[in-house]
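Notes for the one structure printed next.
The values are calculated or read from the model by the stated rules, or taken from the named source; none is laboratory data. In this text the structure is predicted, and so the values were computed from the model without any measurement. Backbone-built Cβ (ideal geometry, glycine too); neighbour counts: all protein chains shown. With ligands, DNA and RNA removed, areas are computed over all heavy atoms of the protein, side chains included. Shrake-Rupley method; radii C 1.70, N 1.55, O 1.52, S 1.80 Å.
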Amino acid sequence: MDSGSIAFIMICSALVMLMSFGLAFFYGGLGRRKNVINTMMMAVIPLGMTSLFWVLAGYSLAFGGKGSLIGNFSHLFLSGVSESHSSRGLAVPDMLFAAFQMMFPAVTAAILTGAVAGRMRFKALLLFLVAWMFLVYYPFAHMVWDDGLLAKWGTIDFAGGDVVHITSGVSGLVLAIVVGKRRDFKQMDYRPHNIPFVLLGAGLLWFGWFGFNAGSALTANALAVHALVTTHVSAAAGLISWISLDYYFAGKPSLVGASTGLVAGLVAITPGAGFVPVWSALLIGLLVSPVCYLAISIIKHKFEYDDALDAFGCHGIGGIFGGLATGLFTQPSLALDGHHFGLVYGSPSLFLVTLAAILVTVLWSALVSYLLIRVIAHFMPIRVQERAEVIGLDDSEHEETAYPTFMGLDG
């Protein structure tokens, strides 16, 4: 065991945990003021919920056993997980590895909640998230990161482009379609109610993402340094690229656009942070913003799905783009083996495997999410009543008010 790596991964675990609160401010600021408590609650509650289920069985199902699709029950309640030794050949003990990985499903679940902000019942969402963890997140964490089916194919995902962003983005889209549009969708222009919250959330996400990506090296070494640099460069490029789009299409830069652009850059670099060269991280950040901008400003409106806070437009689309970019730009010297490296370096195998893995992720996430929400809808209403939506979910779902002088008439 390496004491420096132990300290590093402990700090990274705390940074990833902080991302849940960063996302709460980011989503809360983007939403409407009569729903801000509900929106932030939906982003924070997964941290408590998924942590308990991770200890109960999540870690065991994600990182136990050698199954192709999912693990086993050998580590229920973290039994047999050493606090002083690694069974995975790491520089940190198994318990710290489990603690670091415990923070990831919380952020993943929080991301998808943004798609249904402002109209989904809190209880129905909680039931969905619990089942979703067992049927989507744990299987993909196992298949990609624990020598499961997709890893055996040769796919790579450094910190969660596939496991975190594509699963949550696609599931959020399905959830938004099934739950239905907000009552005044396309009848009025939705505006973020607190743009400083958006910037605060984006800043916390950028800060926490260093732990998310650099920590995925699982030791304090050159690979962690490389991941930290590519992460920052892609975020910075995404920010500048989105501002450029604002100038071109609207004539003025926006703080919301800058915040969204940096998050898109972070999303896109996540699957390849430790595999692609720095120059490509710059290119990835510059290109992902136009892709996500197109998805949010044109495709969403053309197909008229109400992805309220653009969970799919930013995380789903950004994650898919980042995965494909990883298949293009993975450097041979950084690749996990000598056969799977980027298409621009002359090998098509990684790109093709990555494309296949993305298709599996999209189809699995979409189908399971659709079936789950339909089953839940059979037993309880999944959407709040119209009056509750008009008044706001802060009052109807939580009986709390973020701004006491506000009377509930949100334009």
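In region 76-144, how does Rg compare with the Kirkwood Rh, expressed as the Rg/Rh ratio over alpha carbon atoms? Intermediate values should be presented prior to the final figure.
Working: Rg = 15.4 Å, Rh = 14.0 Å.
Taking Rg over the Kirkwood Rh, I get 1.09.
If N is the number of residues in region 195-243, what value comes out of its Cα radius of gyration divided by 2.2 N^0.38 Å? Walk me through the numbers on the way to the answer.
Values: Rg = 12.2 Å, N = 49, 2.2 N^0.38 = 9.7 Å.
This ratio for region 195-243 stands at 1.26.
Compute the projected area of the convex hull of the Cα atoms of region 276-374, averaged over all viewing directions, and report it in nm² to one decimal place.
Values: hull surface 29.9 nm².
Result: a mean projected hull area of 7.5 nm².
Against the empirical 2.2 N^0.38 Å scaling, what ratio does the C-alpha Rg of region 247-301 come to? Numbers along the way, then the final one.
Values: Rg = 12.4 Å, N = 55, 2.2 N^0.38 = 10.1 Å.
Relative to the rule-of-thumb radius for its length, region 247-301 sits at 1.22.
From the P(r) of region 329-377, can you give the percent of Cα pairs sitting at distances over 16 Å?
Pairs farther apart than 16 Å: 53 percent.
Using alpha-carbon pairs under 8 Å, 6+ residues apart, how would you state the relative contact order of region 241-347 in percent? Don't skip to the answer; put the middle values down first.
Values: 137 pairs, mean separation 30.4, N = 107.
Across region 241-347, relative contact order equals 28 percent.
Roughly how much of LYS123 is accessible, in Å² to the nearest 10, using a 1.4 Å probe?
Estimated to the nearest 10 Å², LYS123 gives 120 Å².
Kindly rank 79-89, 219-229 from highest to lowest mean number of other beta carbons found within 10 Å of each residue.
Details: 79-89: 12.2, 219-229: 18.2.
With the highest mean Cβ count within 10 Å placed first, the list reads 219-229, 79-89.
Per 10 Å bin, what percent of the C-alpha pairs of region 67-204 does each bin hold, from zero upward?
10, 31, 32, 17, 8, 1
Can you put VAL233, VAL163 in order of accessible area, largest first, using a 1.4 Å probe? Display every interim value, and only then the final one.
Working: VAL233 35, VAL163 0 Å².
Descending order: VAL233, VAL163.
Can you list, largest first and rounded to whole Å, the semi-axes you get for region 1-133 by taking the square root of 5 times each eigenvalue of its Cα gyration tensor?
Semi-axes from the Cα gyration tensor: 31, 18, 9 Å.
Where the convex hull is taken over the Cα atoms of region 185-316, what is its projected area averaged over directions, in nm²? Can you show the working numbers first?
Values: hull surface 32.5 nm².
Average of the hull's projected areas for region 185-316 equals 8.1 nm².
Can you tell me the orientation of helix 317-329 relative to the chain, as the angle in degrees between its alpha-carbon axis and the longest Cα principal axis, to the nearest 10?
Tilt relative to the chain: about 20 degrees.
Determine the relative contact order of the chain: mean sequence separation of Cα pairs under 8 Å and six or more apart, normalised by residue count, in whole percent.
On the way: 854 pairs, mean separation 94.2, N = 411.
Averaging sequence separation for qualifying contacts and normalising by length gives 23 percent for the chain.
Using a Gaussian network model of the chain whose springs link C-alpha atoms within less than 10 Å, name the residue from GLY265, GLY148, GLY327 with the highest mean-square fluctuation.
Per the Cα network of the chain with a 10 Å cutoff, GLY148 tops the list.
Could you work out the percent of alpha carbon pairs in region 120-164 separated by over 18 Å, rounded to a whole number? The partial results should precede the final answer.
On the way: 372 of 990 pairs.
Every Cα pair in region 120-164 considered, those over 18 Å come to 38 percent.
Beta carbons within 10 angstrom, averaged per residue: use that to sort the peptides 164-176, 270-282, highest first. Don't skip to the answer; put the middle values down first.
Numbers: 164-176: 28.6, 270-282: 25.0.
Ranked by mean Cβ neighbours within 10 Å, highest first: 164-176, 270-282.
Please tell me the relative contact order of region 326-380 in percent, rounded to the nearest whole number, where contacts are Cα pairs under 8 Å and at least six residues apart.
On the way: 48 pairs, mean separation 12.7, N = 55.
The normalised contact order for region 326-380 reaches 23 percent.
What ranking do 385-393, 291-299, 125-133 get when scored by the average of other Cβ atoms within 10 Å per residue, highest first?
125-133, 291-299, 385-393
Rounded to whole Å and sorted largest first, list the principal axis extents of the Cα atoms in the chain.
The Cα atoms of the chain stretch 59, 49, 36 Å along the principal axes, largest first.
For region 324-411, compute Rh as the Kirkwood radius over C-alpha pairs and then the Stokes-Einstein diffusion coefficient at 20 °C and 1.002 mPa s; write the answer in µm²/s, rounded to an integer. Before the final figure, lay out the partial values.
Working: Rh = 17.6 Å.
In µm²/s, the coefficient rounds to 122.
Could you work out the per residue convex hull volume over the alpha carbons of region 298-353, in cubic angstrom? Present the calculation step by step, with values, prior to reporting the outcome.
Details: hull volume 5.3 nm³, N = 56.
Measuring per residue, one finds 95 Å³ for the Cα hull of region 298-353.
Over 30 Å between C-alpha atoms is what I'm after, so list which of LYS123/LYS186; LYS34/LYS302; LYS123/LYS252 land there.
Working: LYS123/LYS186 27 Å; LYS34/LYS302 27 Å; LYS123/LYS252 41 Å.
Where the Cα-Cα span goes over 30 Å, the pairs concerned are LYS123/LYS252.
How big is the C-alpha Rg of region 154-249 next to the rule-of-thumb value 2.2 N^0.38 Å, as a ratio?
Values: Rg = 17.5 Å, N = 96, 2.2 N^0.38 = 12.5 Å.
Cα-based Rg divided by the globular estimate yields 1.40.
With each run of n ≥ 4 DSSP H residues scored as -39500 (n - 2.57), what mean residue ellipticity at 222 nm is computed for the chain after dividing by its residue count and rounding to the nearest 500 deg cm²/dmol?
Values: 17 runs with 249 residues, N = 411.
Estimated from H runs of four or more residues: -19500 deg cm²/dmol.
By how many degrees, 0 to 90 and rounded to 10, does the Cα axis of helix 255-269 deviate from the longest principal axis of the chain?
Once rounded, the angle reads 30 degrees.
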